[in-house]
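The block underneath contains the structure these notes are about, expressed in structure tokens.
Where a number appears in this text, it was derived from the coordinates with a stated rule and is not lab data. Please read these numbers as outputs of a predicted model, since none were measured by experiment. With ideal geometry, Cβ positions are generated from the backbone for all residues, glycine too; neighbour counts draw on all protein chains shown.
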Amino acid sequence: MSYRTSSARSVAAHVLMRVAKDDAFAAVALDAELARAKLAPRDIALATEITYGTLRSLVDIDAQLARFLTKPAASLDENIRAILRTGAYQILYLSRIPVHSVVDESVNLVS
């Protein structure tokens, strides 16, 4: 997964993709992505929250996503699934982030 620019959300999605696809350890993958992305402290905190929060809530997030998917989540590209999961986490659990911001960033990450 490569992005034109690094953001907290892109870092989190990339870490989730590596965990799912490569069986990477989340902490190691997150540290590597944060070092490469060179984010501001506030964005580091957001990337960390999104990454670990998504992993903690994965069963619930996948159940919520399944209600809207026309095919099983497991059949989706790992990148798309990671972006959907991180976006869903933000919408479901992070009330301080506007939904339109989450949707806009998620769409930009896919395109």
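A few comments on the model shown:
- Looking across region 6-24 at every residue that is out of contact with any Ser or Thr (no Cβ under 7 Å at 6 or more places or on another chain) and not small (Gly, Ala, Ser), the one that is farthest from GLU78 (Cα to Cα) is identified as VAL11.
- Counting only residues that are charged (D, E, K, R) and within 12 Å of the chain's Cα centre (by Cα), region 68-93 holds 3 of them.
- Residue in region 46-55 that is surrounded by fewer than 18 Cβ atoms within 10 Å (Cβ to Cβ) and over 12 Å from the mean Cα position of the chain (by Cα) present: no
- Enumeration of residues in region 12-31 that are part of a helix (DSSP H, G or I), of a type in the set (Gly, Ala, Ser) and surrounded by 15 or more Cβ atoms within 10 Å (Cβ to Cβ): ALA12, ALA13, ALA20, ALA26, ALA29
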